[in-house]
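> Below is the structure I would like to discuss, written out as structure tokens.
Readers should treat all values here as calculations from the given coordinates under stated rules, not as data from a laboratory. The model shown is predicted, which means the values in this text are computed figures rather than measured ones. Because the Cβ atoms are built from the backbone with ideal geometry, glycine has one as well, and the counts that use them run over all protein chains shown.
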Amino acid sequence: MPSIASYDFGDFVETAVFLKDQAVFAVADGTVRFPAGGDRTVEAHAGGLLTARLDRYAPRLLTGGEDGRVLAIAADGAVEELASIGRKWIDAVAGGPKNTVGFASGKTAYVRLGAGELKEIRHERTVEDIAFAPKGVRAATAHYDGASMFFPATGAAPAALEWKGAHLGVDFSPDGRFLVTTMQENALHGWRIEDGKHMRMTGYPSKVKDWSWSAKGKFLATSGAPAAILWPFSGKDGPMGKAPLELGTRGDTMVTAVACHPAEDMMAIGYGDGMVLAVRFADAKEALLRRGGASPVRTLAWDAKGERLAFGSEGGEAGIIDIAG
């Protein structure tokens, strides 16, 4: 078994990330924890933390809370307030190119451009999530009855991508060719951006709450089943007409968290009973990383080298797994 440094934060661990080789945990009580080397605690959000996400373009953690503030937290614990919109809950945050940051509250998506200018993009429905395309400054939101895409700097109205139902999460594929959403029903939905062609990804026994793109963008790994479900995105049609891979199948519990390795075709899988496995794509070979715990695994994150894995659970258990032991 690999070695594990274990922690208990006493509340729901929303997100685990690595910032410059430092494991960082965002907790629902409004704190951000730096446990290795002395458990430094950043009091980030009064009233509670609602969302946290690694900025893909900078070594920082973006957070939003019940206090209407959007923060950027650096590896040394330094806190920068990026926006404050009064007594409104921040429901989603995302980092974009050129120091751009997006967030959502109610029916409005906000985009803070690199120079600090704040753009407001109003929607007819509540904005559930926001994401940025990997190149350029196009953004997308998820909401009821579909998704929308827009260019924040222009101020033009969003272009709608329609599909009936409640869409809760949104992301672009790493090559920028597809847009995918998680739904309230047990499904994903996708659009090929060049022509708007639909992609239905169904068959889940429960709602998809976590996803992760593989190192080269060939697969989108998801939770929501007794196995990790990996949809193929390497061809021009994405997953249309193709069967997904199923890895780490267990008959007695559900997959609740997934994280693809940063360089290799393998992934970490977290389960409802707290177990964590590493599984290789090519032959489905499994390695046990954690036997189990008191609550479902909520979040998983690899360090940049793919040698350590951070995890956090719904009950507050967390840890750092050293794969090399």
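> Under a Cβ-only charge scheme (Lys and Arg +1, Asp and Glu -1), can you give me the dipole magnitude of the chain about the Cα centre, in debye to the nearest 20?
Values: 36 positive and 40 negative charges, 180 e Å.
Around 860 debye, computed over the chain.
> Kindly give the semi-axes, whole Å and largest first, of the ellipsoid equivalent to region 3-81, taking each as the square root of 5 times a Cα gyration tensor eigenvalue.
The three semi-axes for region 3-81 are 18, 15, 10 Å.
> Can you sort Thr202, Thr41 so the residue with the fewest Cβ neighbours within 10 Å comes first?
Exposure proxy ranking, most exposed first: Thr202, Thr41.
> I've got another one for you. Would you mind ranking Ser105, Ser295, Ser234, Ser148 so that the residue whose beta carbon has the fewest other beta carbons within 10 Å leads the list?
In order of increasing Cβ crowding within 10 Å: Ser234, Ser295, Ser105, Ser148.
> Okay, moving on. Which label marks the calculated value of mean projected area of the Cα convex hull in nm², given the options (i) 21.4; (ii) 18.6; (iii) 15.2?
This structure yields the entry labelled (iii).
> Determine the dipole magnitude for region 160-288: charges of +1 sit on the beta-carbon of Lys and Arg, -1 on that of Asp and Glu, nothing else is charged, the reference point is the Cα centre, and the result goes in debye to the nearest 20.
Once rounded to the nearest 20, the dipole reads 240 debye.
> Next question. Relative contact order for the chain: what percent, with Cα pairs under 8 Å and sequence separation of 6 or more?
It rounds to 14 percent for the chain.
> List the chymotrypsin sites (Phe, Trp or Tyr not before Pro) within region 275-316 that fall in a DSSP loop (any state other than H, G, I, E or B) and whose Cβ has at most 14 other Cβ atoms within 10 Å.
none
> Note down the nm distance, to one decimal, between modelled labels 7 Å out along Cα→Cβ at Asp283 and at Ala324.
2.4
> Now, a different point. Note down the nm distance, to one decimal, between modelled labels 7 Å out along Cα→Cβ at Arg125 and at Ala153.
3.0
> Given a Förster distance of 30 angstrom, what is the FRET efficiency for Asp8 paired with Lys207, based on the Cβ-Cβ distance and rounded to 0.05?
After rounding, the FRET efficiency stands at 0.65.
> Shifting gears a bit: Please arrange His167, His143 by counting, for each residue, the other beta carbons lying within 10 Å of its beta carbon, fewest first.
If I rank by nearby Cβ atoms, fewest first, I get His143, His167.
> Sticking with this one: What value in Å³ per residue do you get for the convex hull of the alpha-carbon atoms in region 228-325?
Roughly 108 Å³ of hull volume per residue.
> What is the Å³ per residue value for the convex hull set by the Cα atoms of region 153-296? Can you show the working numbers first?
On the way: hull volume 19.3 nm³, N = 144.
Hull volume normalised by residue count: 134 Å³.
> Just to be sure I follow the definition: excluding the sites themselves, where is the longest run in the chain that has none of the GluC sites (Glu not before Pro) in a DSSP loop with at most 10 other Cβ atoms within 10 Å?
Value returned for the longest uninterrupted segment is 195-325.
> Beyond a 31 Å Cα-Cα separation, which of these cross-linked pairs lie in this structure: Lys98/Lys242; Lys135/Lys285; Lys209/Lys285? List each step's numbers first, then the result.
Values: Lys98/Lys242 36 Å; Lys135/Lys285 35 Å; Lys209/Lys285 24 Å.
Violating the 31 Å Cα-Cα cut-off are Lys98/Lys242; Lys135/Lys285.
> Which one of His45, Val70, Phe311 has its Cα pushed farthest toward the positive end of the charge dipole of the chain, where Lys and Arg give +1 and Asp and Glu give -1 at the Cβ?
Going by the Cα projections, it comes out as Val70.
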